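Structure first, commentary second.
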Amino acid sequence: MYHFLTFNLLAPPQTMFEGIDKLEPGCKLTIDSNGSIVKKEYWEVNYSAEIEKLSEEESQLKVEAALEKAIGFRMVSDVPVGAFLSGGVDSSAVVAYMSKLTTKPVNTFSIGFDGQQEYDERFYANKVSKLFNTNHSDIVVTADDIESFLPEVVNIFDEPMADATCIPIYFLSQKARQSGSVVVLTGDGSDELFAGYRNWKKFIRLFPWYNQYSKLPDFVKQGVLKGAGVFASDNAYEMLSRSARGQDMFWGGAKSFKESTKTKFLSEDYLERLGVNDSYSVIERYKEKFELIKAHSTRKFEYADWMCYLGLKFMVPNYYLYRMDHLGMANSIEIRSPFLDYEFVNTALSISSKYKLNKEEPKYILKKALEKVLPAEILYRKKMGFCVPLKEWAGDFMIDYIEKNLRSFCSDHPQFKYDELNSLLKQLKAGDESSVNRLWTLYFLIAWFKKWID
């Protein structure tokens with residue numbers, strides 16, 4: 001639970017249930033007739049030094065061929081196949097190659113939000129649909145739809161998953177099934193493979209400074225940290241704290257409660273029983289594996305390579321695929337992700353990082369490869385992300401739910417401090433967009449405990 005509060009997910013082998021472990025991705029569990037259990041990893045990223053040395057043009061061709069092959073494999077089915085289409089780079093690329101590989105119009109699905117233009121990508125989805133003559137359907141979700149769906153989230157997920165994007169995925173999956181598509185392709189995974197998140201740029205720029213600062217004596221870093229507590233922003237303090245502890249600065253999707261915030265609203269007794277004082281142990285497992293890969297490879301590695309590796313191994317299976325599987329199956333559809341074909345993953349991660357974030361353009365090499373099939377207005381428009389108007393439509397609903405249940409929740413689960421959480425709730429009520437994730441996390445946690453624990 002302590003780690004969930006930071007990452008909004010639970011990484012294997014941990015679960016929220018005592019006596020139950022999760023099997024890590026890429027692992028198999030063998031149980032013999034005597035009941036002895038052996039766990040073995042059967043897959044790991046295979047970095048190619050030869051691919052890393054390719055020129056920009058050769059890298060483009062490599063990506064193009066590997067992606068078309070991966071999409072072709074995932075179109076094999078004895079039931080109708082469709083695609084989620086947001087009009088962004090990744091989903092548009094999937095639709096472009098699907099259209100190339102079949103003579104029939106591809107079934108595509110997009111979502112919009114009534115009266116919320118800044119969250120609505122149907123304009124671009126329609127452009128891509130017309131470009132490839134797809135059989136396109138869209139669905140418009142209202143505030144009432146979201147409010148009626150929120151209580152259902154804990155019934156779909158058997159462990160906490162604090163991600164508001166599950167809302168549009170659920171309604172899209174429902175629409176696809178109603179339209180007859182039983183298998184649906186998505187663009188998941190591309191951002192992790194090609195450094196596609198714009199906020200990753202600041203980590204890459206900051207790394208040389210962070211690396212040098214981390215080499216300072218511990219007493220210097222501890223002194224700076226102590227002084228910074230008065231005037232530093234939360235993000236700056238978090239970076240200084242990680243450095244003082246000898247930790248890597250990039251924690252993947254650690255976008256919820258920071259360590260300093262958690263220790264305020266969790267009881268001293270719980271923290272003492274827990275025996276840990278931060279969530280870096282989750283990231284450290286992946287860091288150790290990555291360092292082992294580096295030690296046995298002749299390829300040259302940059303900091304962006306570590307970020308992509310962590311994204312693939314940590315966020316993709318435990319966050320994106322976890323939510324897709326549950327939400328798809330809740331509507332009886334199978335969701336497939338061509339970008340996560342294992343051969344494509346090996347190819348994409350092996351490509352030199354200088355071609356992934358080039359000229360300040362995220363996913364540079366992928367976009368160059370896709371220029372043959374997609375127009376510039378799709379490839380180079382500002383990334384919107386797959387978001388929902390959660391604060392605008394459901395903020396009051398979630399706040400009301402938390403207010404009604406917070407006191408009894410803290411009474412039943414004394415590891416939480418009521419006064420501190422109530423104070424935090426008041427901040428969230430008056431907060432900006434950055435507080436939405438924490439509001440959703442708190443709402444989901446209370447609702448999940450109510451359903452599965454209480």
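The values are calculated or read from the model by the stated rules, or taken from the named source; none is laboratory data. In this text the structure is predicted, and so the values were computed from the model without any measurement. Glycine also receives a Cβ, built like all others from the backbone with ideal geometry; neighbour counts cover every protein chain displayed.
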TODO: Give me the pairs, please: first residue somewhere in region 270-290 and surrounded by 15 or more Cβ atoms within 10 Å (Cβ to Cβ), second residue anywhere and of a type outside the set (D, E, K, R) and not in a helix (DSSP H, G or I), beta-carbon distance under 6 Å, and either six or more positions apart or on two chains.
DONE: Y270/Q415; S279/H3; Y280/Q247; V282/H3; V282/A11; I283/W251
Open item on the list: Residues that are over 18 Å from the mean Cα position of the chain (by Cα) and hydroxyl-bearing (S, T, Y): does region 289-302 have at least one?
Closed with: yes
- [ ] Give S297, S279 a once-over and let me know the one that is closer than 30 Å to P414 by Cβ and either out of contact with any helix residue (DSSP H, G or I) (no Cβ under 9 Å at 6 or more places or on another chain) or at pLDDT below 95 (or both).
- [x] S279
Open item on the list: Restricting to region 394-441, name every residue that is among the basic types (K, R), surrounded by fewer than 20 Cβ atoms within 10 Å (Cβ to Cβ) and closer than 25 Å to D144 by Cβ.
Closed with: K404, K429
- [ ] Within region 125-135, track down each residue that is surrounded by 16 or more Cβ atoms within 10 Å (Cβ to Cβ) and in contact with a strand residue (DSSP E or B) (Cβ under 9 Å, 6 or more places away or on another chain).
- [x] A125, N126, V128, S129, F132, T134
TODO: Report those helices (runs of 4 or more DSSP H) wholly inside region 1-90 carrying at least 1 residues which are modelled with pLDDT of 95 or more, out of contact with any Cys (no Cβ under 7 Å at 6 or more places or on another chain) and within 30 Å of V282 (Cβ to Cβ).
DONE: 49-52, 56-74
- [ ] Can you tell me which residue among S256, S332, S267 is under 19 Å from M161 (Cβ atoms), touching a residue at least 60 places away in the same chain (Cβ under 8 Å) and not acidic (D, E)?
- [x] S256
TODO: Report those helices (runs of 4 or more DSSP H) wholly inside region 170-239 carrying at least 1 residues which are in contact (Cβ under 8 Å) with a residue 12 or more places away in the chain and closer than 26 Å to V153 by Cα.
DONE: 190-193
- [ ] Within region 412-422, track down each residue that is assigned to a helix (DSSP H, G or I) and either touching a Lys or Arg at 6+ places or on another chain (Cβ under 8 Å) or more than 12 Å from S267 (Cα to Cα) (or both).
- [x] D412, Y418, E420, N422
Open item on the list: Looking at the structure I just gave you, is E159 closer than 18 Å to M324 by Cα, in contact with a helix residue (DSSP H, G or I) (Cβ under 8 Å, 6 or more places away or on another chain) and in contact (Cβ under 8 Å) with a residue 24 or more places away in the chain?
Closed with: yes
Open item on the list: Can you tell me which residue is surrounded by the fewest Cβ atoms within 10 Å (Cβ to Cβ) among those in region 307-345 that are aromatic (F, W, Y) and more than 16 Å from the chain's Cα centre (by Cα)?
Closed with: Y342
Open item on the list: Step by step: first the residues of region 199-237, then only those that are among the charged types (D, E, K, R) and over 20 Å from G311 (Cα atoms), then the one that is nearest to the chain's Cα centre (by Cα). Which residue is that?
Closed with: D234
